[in-house]
Amino acid sequence: MQTTASIQRTAQLRPLTISTAPVRAWLNAKSEFFSHISGIDVTRKEVVRVNLIFILMGLAAAIAETSLLVAILSIALAGYNVYRLNKDYADNWITYDDDVEQEGGKA
């Protein structure tokens, strides 16, 4: 009886710590496959967000006829992901300002 209480007491004293550093490091690493396809540097976090946006938009389209509330929620979540993607990586996307010809045909 006393050993059971002792085991329970020591189990309660140990703190539970979960490290998210390996997951964050993996998400922030460059995705070689998608970087090669797109021609720009893409992190795994961006890949996950973009794919989540497409999944939510597809889900919203599939559910739109049956449940308007779920469709609106899915669209809102997809829009929020697009907002966060634009906010976090605004300077990382390709801009075509350099490729556009200026007035008079001079670049």
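Can you give me the long-range amide H partners of THR43? Hydrogens built in the peptide plane at 1.01 Å from N, cutoff under 5 Å, separation of 5 or more residues or another chain.
SER31
So what are the ³J(HN,Hα) numbers for the range 24-29, from phi and the Karplus equation (6.51, -1.76, 1.60; θ = phi - 60°), rounded to whole Hz, Gly and Pro as x?
3J(HN,Hα) across the range 24-29, in whole Hz: 5, 5, 5, 5, 7, 6.
Computed from the coordinates by the stated procedures, all read-outs in this text should not be read as laboratory data. Bear in mind that the values here come from a model prediction, so they are computed numbers and not experimental data.
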